[in-house]
Structures are given as structure tokens and as C-alpha cells.
Amino acid sequence: MAETAAGEQVVARVRELGPSGVRAATAFLDAWAEIEAPLSADQGAAVPGLGAIQIDDLRAAASRNEARVWAARARLYEDGLTREQAARRAGVQPNQITNLLRDGDLLALDGPAGLRLPAWQFDAEARRGRLEGISRVAAAFPGRILGLSSWMTAAESALGGRTPRQAVLDGDIDLVVAAARHFGP
């Protein structure tokens with residue numbers, strides 16, 4: 001019961017986090033993969049190289065971070081567009097959205113009510129009502145859709161303080177692809 005309440009508090013706090021919080025959680029989970037094996041094996045009282053940090057403390061931190069990431073994913077899903085809504089925004093038929101998803105030109109999350117497309121991919125000012133080059137950016141970015149969505153909507157110093165989304169809209173897709181390749185640790 002207390003674990004459920006704590007989880008709900010974590011979810012509420014994650015909803016308040018901006019893109020930088022999601023980026024931090026994504027980076028942590030990537031780093032976590034490197035130390036997961038020693039933790040699973042319960043090797044010693046502390047993780048090698050981390051000094052006084054105890055395995056139980058790390059497990060607790062990992063649980064909190066996992067809750068934050070799942071909450072951020074839920075928020076991205078809830079704010080996402082259905083295939084029909086995306087088609088209206090892009091001025092195309094829903095089957096064209098399906099084709100764009102299949103080709104990697106749009107991204108979506110799967111969830112309890114079907115696919116949801118993150119809204120950052122669409123813009124009325126874009127030539128086709130949607131960002132172009134998403135497949136190139138996604139291929140260059142070292143993370144998955146949650147990290148990419150956070151990155152696309154956060155100011156990036158490598159892009160002169162613009163968000164990658166804005167840089168794509170400005171026609172600087174090659175610059176965004178280069179920045180995506182160098183994102184992360």
C-alpha cells in the first residue's frame with residue numbers, strides 16, 4: 001500500500017519535470033544497464049567503483065527512476081494524437097499516416113487505446129503539416145522515442161539554443177541529424 005502511494009507521488013513529480021528531467025532519467029537508465037548484472041547477482045555490499053553507495057540504495061534509486069520514466073511515457077502517450085487526429089493535422093487520409101509510420105517518417109507509442117503520435121511531429125507551418133526528416137533524426141539519435149521526444153522539444157546549445165524541432169522546421173535537418181549523433185554521454 002505504501003509502495004503504491006510512493007509510486008503515485010513519483011508519477012506526480014515526473015509530470016512536473018520538463019524535458020531535462022526526462023533526459024536525465026533516460027541517461028540514468030542507459031547507465032543502469034551497465035551495472036545491472038552485478039546488482040542482480042548481489043555481488044558484495046557495494047557496487048564496485050561507486051564506493052559507499054549500497055546495492056539496496058541503488059535498487060531504490062533505479063525503481064524511482066523507472067517510475068519517472070514510465071510516468072513520462074504515459075504523459076507523452078496521453079498528449080499524443082490518434083491516427084485520425086494526426087491525419088487531420090497533416091491534411092491527409094488516415095491510411096497515409098499508417099504508411100508514414102511504416103516508413104519511419106512518423107513515430108508512435110503503442111498503448112491501451114492504440115497508437116498515439118507525439119504532437120511535436122506536426123506543425124501547421126510545415127510544408128506537409130508535419131516535420132520532415134524524422135526518420136533520419138531517429139536513426140541518428142542514440143535513444144528511443146521517449147528520449148527523442150524530450151530532446152526534440154528542449155533547447156539545444158548545438159543548434160544555437162533552438163529546439164531540434166524548430167531547427168527542422170527552419171530547414172536545418174542536416175544540423176539536427178549531426179547534433180542527434182552526438183547527443184548523450
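Derivation of every value follows stated rules applied to the coordinates shown; laboratory data play no part. Keep in mind it's a predicted model, so treat the numbers as computed, not measured. Don't worry about glycine lacking a Cβ; one is built from the backbone with ideal geometry, like all the others, and counts go over all protein chains shown.
Taking the Cα centre of the range 83-181 as the origin and placing charges on Cβ (Lys, Arg +1; Asp, Glu -1), which of 111, 146, 99 is farthest toward the positive end of the dipole?
111
Report ³J(HN,Hα) in whole Hz for each residue of the range 147-164, in order, from the Karplus equation J = 6.51 cos²θ - 1.76 cosθ + 1.60 where θ = phi - 60°; Gly and Pro get x.
So the J values, rounded to whole Hz, are x, 5, 4, 5, 5, 5, 10, 10, 4, 10, 4, 5, 10, x, x, 7, 6, x.
Note down the relative contact order for the range 83-181 as a percent, whole number, built from C-alpha pairs under 8 angstrom at least six residues apart.
Here the relative contact order equals 22 percent.
Please list the non-local residues whose amide H lies under 5 Å from the amide H of residue 122, H modeled 1.01 Å from N, same-chain partners needing a gap of 5 or more.
131
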